[in-house]
1. Under a Cβ-Cβ cut-off of 10 Å, what is the net charge of the residues other than Ala59 that fall near it, where Lys and Arg count +1 and Asp and Glu count -1?
2. Tally Lys and Arg at +1 and Asp and Glu at -1 over the other residues with C-beta under 12 Å from the C-beta of Ser35: what net charge comes out?
3. Read phi for every residue in the stretch 17-33 and hand back ³J(HN,Hα) as whole Hz from Karplus 6.51 cos²θ - 1.76 cosθ + 1.60, θ = phi - 60°, with x for Gly and Pro.
4. If I model a spin label at Gln27 and Asp66 as a point 7 Å from the Cα along the Cα→Cβ vector, what separation in nanometres do I get?
5. Relative contact order for the stretch 7-70: what is it in percent, counting Cα pairs under 8 Å that are at least 6 residues apart?
6. Provide the net charge surrounding Lys21, with neighbours chosen by a C-beta distance below 12 Å and charges set as Lys +1, Arg +1, Asp -1, Glu -1.
7. As a footprinting exposure proxy, order Val14, Val6 by other Cβ within 10 Å, with the fewest listed first.
8. Suppose we keep just the alpha-carbon trace of the stretch 7-70; what are its Rg and Dmax in angstrom?
Amino acid sequence: MSINKVIRWKLNEVMARKRIKNKDLAQKIGITETSIYRLRKVDEMPRLSPERLNGICAALSCQPGDLLVYEPDTDGDVVSIVDVA
């Protein structure tokens, strides 16, 4: 079973819609413009600390869900989730 991307990262779209530049977002959350550029260019959800995601959401006045979209797996496989409780 192959796991295809099902969660898509939409930072690029949100920044474009709000007309926020890399430089402006970088200054607001205290990281480099290069880091923002890299975050914008990926389609998959990047690994972010809760603090970084909080900073992005605060700077863009958005919810975490605005930055993510679920797209069903196209090959029909079901991904199981293991209960860790």
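FYI, it's all coordinate maths here, none of it is from the lab. Quick caveat, the model's predicted, so the values are computed rather than measured. Methodologically, a virtual Cβ is constructed for each residue, glycine included, from the backbone with ideal geometry; neighbour enumeration extends over all protein chains shown.
1. +1
2. Local charge sum for Ser35: +4.
3. 4, 8, 6, 9, 8, 3, 4, 5, 5, 4, 5, 5, 10, x, 10, 7, 4
4. With each label point 7 Å from Cα toward Cβ, the separation is 2.0 nm.
5. 53
6. Neighbourhood net charge equals +3.
7. Least to most surrounded, the residues fall as Val6, Val14.
8. When restricted to Cα atoms, the stretch 7-70 yields Rg and Dmax of 10.4, 29 Å.
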